[in-house]
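S.K.: Sending over a structure as structure tokens; questions will come in a sec.
The values are calculated or read from the model by the stated rules, or taken from the named source; none is laboratory data. Note that the structure is predicted; figures quoted are calculated from it, not measured. Note that each Cβ is placed from the backbone with ideal geometry, even for glycine, and that neighbours are counted across all protein chains shown. Side chains included, ligands, DNA and RNA excluded: accessible areas come from the protein's heavy atoms. Shrake-Rupley method; radii C 1.70, N 1.55, O 1.52, S 1.80 Å.
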Amino acid sequence: MDNPRDDTPTKQYRKSGAFTISGIRADAETQGMEAAFAAVHVELKARDREQEDLEEAVEEHEAVISCCDRVVDRIVRSFELRLLDLCEKNRDDPRYRRYFAEGLRAVTEADAREVEPKMVRDIVKALDEDKNKPGMKPLHEEYFAKLLGAVEAVELADAACTKVEEELAFLKEKTIPEVKRRWVEERIKLHAELTKKFPHDAARVESYFSRFAKPRKKKGGPGEG
């Protein structure tokens, strides 16, 4: 009997475990010996399905973030056009540079989760500081609440996604490896019990276990030296 490697996919554990459990249960002489191994196998299947569910949840949250980000981008573009009108189309105007020091795209094409929300927060803060400056009051009245609400929606969606990502990371890095360790441990114990039951029939013992690794090809065949 071979054991899984560190990089063996969980699906391979499930296939191998199902083979072993079914084989032992189907044999009247071994039926029931699989109980301890079957218990940890059921747990591994549950954790694997949990991982799949969390991975899907991450995709769903990322879709929400993308939708919220589009709203932010649309409002920022509209604000930029109004600000540009105020600055008489001069992007070197200090008033324009205060909000878009590196241009519009530096904001709208920034990372939607890590970078753009912080940049939009700066725009919102600057807009609030400038609300009493000449020409800025109408912009503040039209865009302050819109920008704030839009960036808050992105931040809320990001926080929800981050929570699921953290759960997924813990599951993959801590929980599943521990269950796999116990799975291998119980499988080895089961193999030992079967060997004890059939001490003179190694082939029968091995027949309950599917191999993880394909047998290496033997050297010395046609064309091999």
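S.K.: Any of K174/K197; K15/K174; K45/K197; K118/K146; K11/K189; K118/K174 with alpha carbons more than 26 Å apart? Name them for me. Let's see the in-between values first.
M.R.: Working: K174/K197 35 Å; K15/K174 22 Å; K45/K197 28 Å; K118/K146 16 Å; K11/K189 21 Å; K118/K174 32 Å.
Exceeds cut-off: K174/K197; K45/K197; K118/K174.
S.K.: Using R₀ = 35 Å, calculate the FRET efficiency as 1/(1 + (r/R₀)^6) where r is the Cβ-Cβ separation of A159 and N90; round to 0.05.
M.R.: Working: r = 38 Å, r/R0 = 1.10.
The formula returns an efficiency of 0.35 here.
S.K.: Given R₀ = 22 Å, FRET efficiency for R97-A145 by Cβ-Cβ distance, to 0.05?
M.R.: Details: r = 24 Å, r/R0 = 1.10.
Efficiency, from the Cβ-Cβ distance: 0.35.
S.K.: Right, here's the next one. Pairs of alpha-carbon atoms within less than 8 angstrom and 6+ residues apart define the contacts here; what relative contact order does the chain have, in percent?
M.R.: Working: 170 pairs, mean separation 79.7, N = 225.
Dividing the mean separation by the residue count of the chain yields 35 percent.
S.K.: Further question on the same structure: Taking the solvent-accessible surface of protein heavy atoms with a 1.4 Å probe, what is the per residue accessible area of the stretch 74-225 in Å²?
M.R.: On the way: 9890 Å² over 152 residues.
Result: 65 Å² per residue.
S.K.: Stretch R121-R211 to full length: gain in nm at 0.36 nm per residue minus the Cα-Cα span? Intermediate results must be reported in sequence, preceding the final value.
M.R.: Values: separation 90, 0.36 × 90 = 32.40 nm, distance 5.63 nm.
Length difference between fully extended and current span is 26.8 nm.
S.K.: Oh, and also: For D7 and A28 in one chain, what is 0.36 nm times their gap in residues minus the Cα-Cα distance, to one decimal in nm?
M.R.: Values: separation 21, 0.36 × 21 = 7.56 nm, distance 3.48 nm.
Between D7 and A28, full extension yields an extra 4.1 nm.
S.K.: If packing is taken as the mean number of other Cβ atoms within 10 Å per residue, what is the order of 52-65, 138-151, highest first? Could the numbers behind the result be given before it?
M.R.: Details: 52-65: 14.9, 138-151: 16.6.
The packing order, highest mean first, is 138-151, 52-65.
S.K.: If you line up the long axis of helix 35-86 against the longest principal axis of the chain, both from Cα atoms, how many degrees apart are they, to the nearest 10?
M.R.: So the inclination is approximately 10 degrees.
S.K.: Counting only helical runs of four or more DSSP H residues, what would the 222 nm mean residue ellipticity of the chain come to if each run contributes -39,500 (n - 2.57) and the total is spread over all its residues?
M.R.: Details: 8 runs with 155 residues, N = 225.
Mean residue ellipticity at 222 nm (helix-derived): -23500 deg cm²/dmol.
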